[in-house]
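The values are calculated or read from the model by the stated rules, or taken from the named source; none is laboratory data. Keep in mind the model is a prediction, meaning the values are calculated, not measured. Glycine also receives a Cβ, built like all others from the backbone with ideal geometry; neighbour counts cover every protein chain displayed.
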Amino acid sequence: MDTLNQLLIKKGAEANLYLADWHNRKVIMKRRLPKKYRPSKMDEQIRTYRTIHEPQLMHEAKKAGVPTPTIFLVDLANTTIIMEFVEGKQVKQLLSEVTENKRRSLCVKIGELIGKLHENGIIHGDLTTSNMILDSEGKIFFIDFGLGEKTRELEYRGVDLHLMKRALQSTHFRFTEECFEAVIDGYSKVVDVENVKNILNKIKEIERRGRYVAERKGERK
Amino acid sequence: MMEKKASDRYCLGIESTADDFSVGISTFKGEILANIINAYTPEEGGIHPREAARHHAEVASKVLEESFIKAGIKPNELAAISFAQGPGLGPCLRTGATIARALASYLKIPLVGVNHCVAHIEVGKLQTGAKDPITLYVSGGNTIVAAFDSGRYRVFGETLDIALGNCLDVFAREAGLRQKADMPFGAMVEKLALKGKMLIALPYTVKGMDTSFSGLLTATVNLLKKGKFKLEDLCFSLQETAFSMVTEVTERALAHTEKKEVLLTGGVAANKRLQSMIKGIAEEHGARFCTVPSQFAIDNGAMIAWTGILAYEQGMVTPIDKSFVKLRWRLEEVEIPWIR
């Protein structure tokens, strides 16, 4: 590949991210490296599938009005995606640094963007605050659609938002409630009342399915 | 057995959250003096909570006696009694709790209610020397990826439906395998999988850091019933798929938290294939791989005794009138004041 100065910036679980020069442009190379723990046939299938679907979903998301990095090249042979480098700050860091008001407005905005995705039949699949970047113009970019899916099923939307809530619980446990409430407020701006109600009920159902949840079968703690 | 010192203090822990009844005795310094485990093996089908509870009540006095003999101490030498207060099966939990309350009031020593999942992590740390690990806890009832942050163990990933061990157990039962006392279903599937060669495509479900096994189980059982594939190949493919899923989410949590240790525990931790997968990702991220010895990885009384000591030393005791069992007591609800 005609790239120079590759710099490993994130050794993720699923892929390595490199900052590189590509035709005089600052780009992110997302390379899904083989996972030795999986059988190679299964590993290849998973990596190829995700490398194809991620750019497709990112493109769809952009059409839905959700900022995502522009895709420059999909190199299937190397299970690598070359995309725009978005300069900005991870929402994960921001949430604990900013004021309560700012935190709320960020979360409302995030909720709106999730709503836009869902309204257009896109499931992100890994909604965590590390997968959201705020750029200097105040736009929130969604990244990492590797676990995403194209579906309008209520179940998937429910799980998507449930994951958002779980991410808030594990990483932003000090303000999980206020953040998730704000996310739903933003979501409700885009999704109609009836659907929001159905999805909130779905989330409750998903939570009850989990292990050892107090709400399950109406049992008390 | 270790030599007894006059200064030694002891705690006895009772574990009875599911199919095992176990009593452990530990010194306050973390020397495990006894860890007697008595498993209930159903004739057929899964664990019936009432039947398991009846088993626990039947074997309790025998197990208690054995543990005192093994530890070489007398009941009146105990400083505290701890018990698994949850999460788990109601009738089983209540049997253990009743025995713990009786002992504590008879001996006039403090009672300490312990969270079963916390205990798995704590005894794992004690046995492996891990200080601040990402824990993958996989058993018949739990599939949890957790790590400590700001006073509690936070759950980063978990199953959205059934537990990994449950998935393997149900498949084994559907395949007509019979569980023996020294050969649990998981070990049978592992043995068969070793002879499997063909990888059959099965649903691979990872959602963020969570996993789901119910679809995988249904698909594998359906293929089994069609009779087109060898049982060995199905076991192999089921294991490869399910283990790859938990390994992927563990790696995600590891990359996210950047911890330097990975602790593998729970009944399924005994599986060599799973061990090698988790070891692989630990090495990849420069983290130390710690696997918990089997008798401390399965449900056991020693972990309850040890965690009881950690809690007791922080002044956490459970008055008898507040010692009701908590069937769905989540890991992240428990405050962990003994770390930092």
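Yes/no matrix, rows are residues, columns are (1) touching an Asp or Glu at 6+ places or on another chain (Cβ under 7 Å); (2) β-branched (Val, Ile, Thr); (3) part of a helix (DSSP H, G or I); (4) closer than 29 Å to B:LYS125 by Cβ:
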| position | (1), (2), (3), (4) |
| --- | --- |
| B:ALA187 | no, no, yes, yes |
| B:LYS191 | no, no, yes, no |
| B:ILE200 | yes, yes, no, no |
| B:THR218 | no, yes, yes, no |
| B:VAL221 | yes, yes, yes, no |
| B:LYS228 | no, no, no, no |
| B:SER237 | no, no, yes, no |
| B:THR250 | no, yes, yes, yes |
| B:LEU254 | no, no, yes, yes |
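Might you check whether a residue that is in contact with a helix residue (DSSP H, G or I) (Cβ under 6 Å, 6 or more places away or on another chain) and of a type in the set (S, T, N, Q) occurs anywhere in region A:81-102? Taking every residue of region A:81-102 in turn, at least one turns out to be in contact with a helix residue (DSSP H, G or I) (Cβ under 6 Å, 6 or more places away or on another chain) and of a type in the set (S, T, N, Q).
Condition check ((1) at pLDDT 95 or above; (2) surrounded by fewer than 15 Cβ atoms within 10 Å (Cβ to Cβ); (3) closer than 21 Å to B:MET209 by Cβ) across all residues:
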{"residue": "A:THR99", "(1), (2), (3)": "no, yes, no"}
{"residue": "A:GLY111", "(1), (2), (3)": "yes, no, yes"}
{"residue": "A:GLY121", "(1), (2), (3)": "yes, no, no"}
{"residue": "A:LEU161", "(1), (2), (3)": "yes, no, yes"}
{"residue": "A:ALA167", "(1), (2), (3)": "no, no, yes"}
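Condition check for A:ASP21 on (1) away from chain B (no Cβ under 14 Å); (2) within 24 Å of A:MET164 (Cβ to Cβ); (3) touching a Leu at 6+ places or on another chain (Cβ under 6 Å): one failure, at (2). Out of (1) within 15 Å of the chain's Cα centre (by Cα); (2) at pLDDT 95 or above; (3) not in a strand (DSSP E or B), the odd one out for B:GLY140 is which? Single failed check for B:GLY140: (2).
Tallying residues that are on the phi < 0 side of the Ramachandran plot, assigned to a strand (DSSP E or B) and of a type in the set (Gly, Ala, Ser) within region B:69-106 yields 4. When B:PHE243, B:PHE296 are screened for being more than 10 Å from chain A (Cβ to nearest Cβ) and aromatic (Phe, Trp, Tyr), only B:PHE296 passes. Do you know which of the residues in region B:248-275 that are of a type in the set (Ser, Thr, Tyr) and within 19 Å of the chain's Cα centre (by Cα) is surrounded by the most Cβ atoms within 10 Å (Cβ to Cβ)? Per the stated criteria, the residue is B:THR265.
Cβ-Cβ contacts under 9 Å between residues 6 or more apart (or on different chains), taken from a first residue in region B:205-230 that is at positive phi and touching a residue at least 40 places away in the same chain (Cβ under 8 Å) to a second residue that is in a loop (DSSP other than H, G, I, E, B) and among the charged types (D, E, K, R), are listed as B:GLY208/A:ASP126. Within region B:114-137, if we keep just the residues that are of a type in the set (A, V, I, L, M) and under 11 Å from the mean Cα position of the chain (by Cα), the residue that is surrounded by the most Cβ atoms within 10 Å (Cβ to Cβ) turns out to be B:VAL123.
Under the condition of being within 25 Å of B:CYS92 (Cβ to Cβ) and loosely packed, with under 15 Cβ neighbours inside 10 Å, the residues counted in region B:25-40 number 0.
For region B:268-286, the criterion of being farther than 23 Å from B:ALA104 by Cβ and outside the structural domain of B:PHE185 (by TED's automatic domain parsing) is satisfied by no residue at all.
Among the residues of region A:94-137, those identified as within 14 Å of chain B (Cβ to nearest Cβ) and under 14 Å from the mean Cα position of the chain (by Cα) are A:ILE114, A:ILE123, A:HIS124, A:GLY125, A:ASP126, A:LEU127, A:THR128, A:THR129, A:SER130, A:ASN131, A:MET132. Which number in (1) buried (at least 21 other Cβ atoms within 10 Å of the Cβ); (2) within 10 Å of chain A (Cβ to nearest Cβ); (3) farther than 21 Å from A:PRO39 by Cβ; (4) not hydroxyl-bearing (Ser, Thr, Tyr) marks the one condition that B:ILE281 misses? In the conditions (1) buried (at least 21 other Cβ atoms within 10 Å of the Cβ); (2) within 10 Å of chain A (Cβ to nearest Cβ); (3) farther than 21 Å from A:PRO39 by Cβ; (4) not hydroxyl-bearing (Ser, Thr, Tyr), B:ILE281 misses (3) alone. Total residues in region B:147-164 satisfying the condition of being part of a strand (DSSP E or B), more than 7 Å from chain A (Cβ to nearest Cβ) and under 16 Å from B:LEU264 (Cα atoms): the figure is 4.
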